[in-house]
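Have a look at the structure below before the remarks.
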Amino acid sequence: MPSSALTAAHPLKDVTASDSSLRRFLHGLPGVDAVGLEGRAASLGTRSIKTTAKAYAIDLAISMVDLTTLEGADTPGKVRALGAKAVRPDPTDRTTPTTAAVCVYPDMVAVAKEAVAGSGVKVASVATAFPAGRAPLAVKLADVREAVAAGADEIDMVIDRGAFLAGRYLKVYDEITAVKEACGTSARLKVIFETGELSTYDNIRRASWLGMLAGADFIKTSTGKVAVNATPANTLLMLEAVRDFRAQTGIQVGVKPAGGIRTSKDAIKFLVLVNETAGGDWLDNHWFRFGASSLLNDLLMQRQKLATGRYSGPDYVTVD
């Protein structure tokens, strides 16, 4: 089922009626057993897969990458090169899947859109004063509208972590719903929590439900700009949240771990988490993404090794 905001008739709609009802709901969620969560994530990470399954997993992971450049030194030329790599990750092998998207700053959306035109690769734009999220709401919404007007297919917004940590949940909810409205019908919304700043697993669970109640199409771990980004444990927790949310509402929401996922081995561990926690319905780039820059190169080298029995060396892939 497509993700969307809750309808007025849905029983969970009442939990967002007031700050007190939303707080009561979020603080009524079951507490997270940190030891159990980390143990399960570690256990799933040790599972091995057969070579044929590994080849499938590598292609699946490539198709799930949001190939990202979010640097102050980004240039149109760099974004065009990124777009070309997203469309044809391995120019020597046309069977290599395209990536899911390229992810850029709002002022680079038009350049990225032109670079991937006709390929099926989406253009995602960070917005809402990424990465800190410290700006008036009017500025954040203008950021979103400009990105959408330039052709962004997806918006990656950051929540106001200060408001969330202060317990001002309705403010965060209202901001997400306003951004969702600014996305219109043409852009899907990914909501970034910056899990490394939320301090506790309980807060990550609360943020996940808050984002989904507000209409997020995806929930995303991190900006990639802080010390702690995507981990197996915080991603597992978010996968449990989307699974449980769909069980209660019938609405499916995607998950995007971002930052720190650099190797094929890492990516396959995350795919095992998805399969074993949320299930096969999420093993598709419409519902699961990797936010990454260097991951794609390792996936390409591993893919080539499976095909030829040897590594090509560092010159085989382009440098991001």
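The values are calculated or read from the model by the stated rules, or taken from the named source; none is laboratory data. Predicted, not measured: the structure shown is a model, and the values here were computed from it. Positions of Cβ are backbone-derived with ideal geometry, glycine not excepted, and every protein chain shown enters the neighbour counts. Side chains are part of the model used for accessible areas, which takes the heavy atoms of the whole protein and leaves out ligands, DNA and RNA. Shrake-Rupley method; radii C 1.70, N 1.55, O 1.52, S 1.80 Å.
Here are a few things to note about the model shown:
- ³J(HN,Hα), Karplus 6.51/-1.76/1.60, whole Hz, each residue of the stretch 145-162, x for Gly, Pro: 4, 5, 5, 5, 5, 7, x, 4, 8, 9, 10, 9, 9, 10, 7, 7, 5, x
- Taking only protein heavy atoms and a 1.4 Å probe, the accessible area of the chain is 53% carbon and sulfur.
- Only the Cβ atoms of Lys and Arg (+1) and of Asp and Glu (-1) were treated as charged; on that basis the dipole of the stretch 17-311 about its Cα centre amounts to roughly 580 debye.
- Bridgeable lysines around Lys180 (alpha carbons under 20 Å apart, same-chain partners fewer than 8 residues away excluded): Lys13, Lys122, Lys140, Lys171, Lys190, Lys220, Lys256.
- Counting Lys and Arg as +1 and Asp and Glu as -1 over every other residue whose Cβ lies under 9 Å from the Cβ of Thr96, the net charge comes to 0.
- By average C-beta atoms within 10 angstrom, highest first, the peptides 71-80, 273-282: 273-282, 71-80
- Of all lysines in the structure, those lying under 24 Å Cα to Cα from Lys305, and not within fewer than 8 positions of it along the same chain, are Lys50, Lys54, Lys85, Lys265, Lys269.
- When +1 charges are put on Lys and Arg Cβ atoms and -1 charges on Asp and Glu Cβ atoms, the dipole computed for the stretch 212-293 relative to its Cα centre reaches about 320 debye.
- If you run the Gaussian network model on the chain, springs between alpha carbon atoms under 10 Å, then out of Thr223, Thr51, Thr128 the most flexible one is Thr51.
- Cα-derived Rg to Rh of the chain, Kirkwood definition: 0.96
- Sparse-neighbour loop sites [trypsin sites (Lys or Arg not before Pro); the stretch 93-185; at most 14 other C-beta within 10 Å; DSSP]: Arg94, Arg134
- Dipole axis of the stretch 17-311 (+1 Lys, Arg; -1 Asp, Glu on Cβ), positive-most option in Val65, Gln252, Val139: Val65
- Probing with 1.4 Å while keeping every protein chain in the model, the per residue accessible area of the stretch 181-294 equals 30 Å².
- Point-to-point label distance, Arg168-Thr51, nm (Cα→Cβ direction, 7 Å offset): 5.8 nm
- Summed side-chain charge close to Lys220 - residues other than Lys220 whose Cβ falls under 12 Å, Lys, Arg +1, Asp, Glu -1: -1
- Between the stretch 89-163 and the stretch 276-308, the Cα center-to-center distance that results, in Å: 20 Å
- With helices as the sole contributors, the chain gives -14000 deg cm²/dmol at 222 nm; each DSSP H run of n ≥ 4 counts as -39500 (n - 2.57), and the sum is divided by every residue.
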